[in-house]
Amino acid sequence: MNKEGMSLLYIWDAYCGWCYGFSRSLGEFHAKHPELPLTVLSGGLFAGERKLPIDSFPHIPEANKRISQLTGAEFGESYQTLLEEGGFLLDSEAAAEGFAALRHFAPARAYHLAASMQHKFYYEGKSLRDPETYREIAVENRLDPDAVEARFESVDSTADARADFAKVQQLDIHSYPTLLLKKGDEVIGLGGGVMTAEKIEARLEQILS
């Protein structure tokens with residue numbers, strides 16, 4: 001089936017545990033389909049009034065257990081400490097600005113940069129508000145850390161993050177992770193949640209047939 005003109009759109013949030021769990025499936029599927037350009041947008045899960053300490057969401061520890069059971073995702077000891085202490089601020093706006101800064105310098109590697117961010121938080125317990133976290137990700141991904149940090153702290157990254165939120169709102173997407181297939185003006189749900197790469201593949205074949 002000719003996939004010319006088609007592309008993928010992935011809506012995620014850096015502080016979404018289910019997105020962390022979905023990351024491996026998306027990575028495997030994405031690697032099999034280099035012919036489908038992938039755009040990654042931040043959704044803004046913990047923004048505005050929902051920008052709160054992690055202990056404001058008591059369902060998270062139980063959700064993490066389910067995510068581990070269903071996807072094999074590993075939550076690191078440093079992250080578990082943050083969870084137990086409870087005061088860590090979930091700030092999706094700052095995380096979206098950090099992602100926008102990284103993506104600006106390597107848009108074709110947006111998925112890999114998103115995965116790097118989630119590893120920093122969910123495994124290493126690093127804050128996605130801290131410029132040093134983005135310097136580390138930049139170095140690990142062969143980007144200029146000074147340029148990434150400067151972009152993160154500029155109004156440009158704020159504008160880019162707000163543009164992401166606006167696009168997601170226009171698409172009427174309210175749950176993350178959500179993977180979409182774009183065919184011209186048509187946008188079709190392709191995957192999310194705990195779907196494996198094989199299930200996403202089967203969904204794609206169903207759509208294309």
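Taking the alpha carbon gyration tensor of region 1-104, multiplying each eigenvalue by 5 and rooting it gives semi-axes of 29, 18, 10 Å, largest first.
Which value at 222 nm does the chain reach when only helices count, each DSSP H run of 4 or more adding -39,500 (n - 2.57), with the total divided by all residues and rounded to the nearest 500 deg cm²/dmol?
-16500 deg cm²/dmol
Pair-distance distribution P(r) for the chain, from all Cα-Cα distances in 5 Å bins starting at 0: 1, 7, 15, 20, 20, 17, 11, 5, 2, 0, 0 percent. When Rg and Dmax are taken over the Cα atoms of region 111-208, they come to 16.6, 45 Å. Taking θ as phi - 60° and the Karplus parameters 6.51, -1.76 and 1.60, the scalar couplings of region 93-105 work out to 5, 5, 5, 5, 5, x, 5, 4, 5, 5, 4, 4, 8 Hz in sequence order, x denoting glycine and proline. Each Lys and Arg adds +1 at its Cβ and each Asp and Glu adds -1 at its Cβ; summed about the Cα centre, the chain shows a dipole of about 580 debye.
Near the amide H of Thr39, within less than 5 Å, lie the amide hydrogens of Leu8, Leu9, Tyr10, all on another chain or at least 5 residues away, with H placed in the peptide plane. In whole percent, and with a 1.4 Å probe on the protein chains, what portion of the accessible area of the chain is carbon and sulfur? Answer for the chain: carbon and sulfur cover 49 percent of the accessible area. Counted by Cβ distance under 11 Å from Ala100, the other residues give a net charge of -2, where Lys and Arg count +1 and Asp and Glu count -1. Amide H to amide H distances under 5 Å link Leu90 with Leu52, Ile54, where only residues 5 or more positions off or on other chains count and H is placed in the peptide plane.
Residues of the chain: accessible area per residue at 1.4 Å, in Å²?
For the chain, the per-residue accessible area is 49 Å².
Normalised by the empirical 2.2 N^0.38 Å for globular proteins, what value does the Cα Rg of region 1-55 take? For region 1-55, the normalised Cα radius of gyration comes out at 1.45.
Rounded to the nearest Hz, the phi-derived 3J(HN,Hα) couplings of region 145-158 under the Karplus curve 6.51 cos²θ - 1.76 cosθ + 1.60 (θ = phi - 60°) are x, 5, 5, 5, 4, 4, 5, 4, 8, 9, 5, 5, 5, 5, where x marks glycine and proline. Starting from region 152-208, pick out the trypsin sites (Lys or Arg not before Pro) whose DSSP state is loop and whose Cβ has at most 15 other Cβ atoms within 10 Å. Answer by residue number: there is no such site.
With the largest listed first and rounded to whole Å, the semi-axes of the equivalent ellipsoid of region 61-131 from the Cα gyration tensor are 23, 16, 9. Farthest toward the positive end of the dipole of region 91-209, out of Thr178, Ile207, Ser127, is the Cα of Ile207, where the dipole comes from beta carbon charges about the Cα centre. Taking amide H positions as modeled 1.01 Å from N, with prolines and chain starts lacking one, the residues under 5 Å from Tyr123 and 5 or more places away or on another chain are Gly76.
Here the dipole of region 86-155 is about 280 debye; that uses its Cα centre as origin and unit charges on the Cβ of Lys and Arg (positive) and Asp and Glu (negative).
Please figure out what share of the DSSP beta bridges in the chain is antiparallel and state it in percent, rounded to the nearest 5. The antiparallel fraction comes to roughly 70 percent. The residue among Asn64, Met6, Leu45 whose Cα reaches farthest toward the positive pole of the charge dipole of the chain, with charges on the beta-carbon of Lys, Arg, Asp and Glu, is Met6.
Taking a straight Cα-Cα cut-off under 29 Å and skipping sequence neighbours fewer than 8 places away in the same chain, the lysines within cross-link reach of Lys120 are Lys32, Lys51, Lys65, Lys167, Lys199. Computed on protein heavy atoms with a 1.4 Å probe, the accessible areas place Tyr176, Tyr134 in the order Tyr176, Tyr134, largest first. Taking 0.36 nm per residue of sequence separation and removing the Cα-Cα distance, the Ala63/Gln80 pair yields an extension gain of 4.8 nm.
The values are calculated or read from the model by the stated rules, or taken from the named source; none is laboratory data. Every value quoted in this text rests on a predicted model; they were computed, and no experiment measured them. In this analysis, Cβ positions are derived from the backbone assuming ideal geometry, glycine residues included, and neighbour counts consider all displayed protein chains. Side chains are part of the model used for accessible areas, which takes the heavy atoms of the whole protein and leaves out ligands, DNA and RNA. Shrake-Rupley method; radii C 1.70, N 1.55, O 1.52, S 1.80 Å.
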